[in-house]
Amino acid sequence: MKADMASHLGVAVRTIQATWCDEKLTWTARQSIVGTLLSELSKERPPAEFAIVFRAFAQIGQQLGDPRFANYLAAWLRGHFIRSPRHSVDHVAVFGSNILSIALQS
């Protein structure tokens, strides 16, 4: 696994929380921030690790309570020709939740 995923996810979480609902930023800028974070965190990761990163982003979207976030994630996947990771794989889901919990604490 790439070094310190929890730390990187923590930075991504705080960045998204600070920017997604900031109406001073354009809609395009907010999408770009999330897309760049998702691209960088998933770069060169195997599918199981990408699923963890994506699940963490999906959980951030649930916490934000903004359906546009989930819509953007779905569009990002389609635009990158990636099938939506299924959260039914228990070890990926649990590990992803644990990573996000650690990330939120840092």
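None of the figures in this text is laboratory data; all of them are computed from the coordinates on show. From a predicted model like this one, the values you see are computed outputs, not experimental measurements. FYI the Cβ positions are ideal-geometry reconstructions off the backbone, even for glycines, and counts take in every protein chain you see.
When each of the peptides 41-47, 67-73, 57-63 is scored by how many other beta carbons lie within 10 Å of its residues on average, the order from highest to lowest is 57-63, 67-73, 41-47.
Each part gets one Cα centre, and for segment 60-80 versus segment 1-58 those centres are 11 Å apart.
How would you rank 16, 82, 33, going from fewest to most other Cβ atoms within 10 Å of each one's own Cβ? Show your work: numbers first, answer last.
Working: 16 21, 82 13, 33 18.
In order of increasing Cβ crowding within 10 Å: 82, 33, 16.
Label-to-label distance for residue 19 and residue 39 is 1.2 nm, based on points extended 7 Å past Cα in the beta-carbon direction. Listed from fewest to most Cβ neighbours within 10 Å, the set 14, 55 follows the order 14, 55. Modelled this way, with points 7 Å down the Cα-to-C-beta line, the labels at residue 32 and residue 74 are 2.6 nm from one another.
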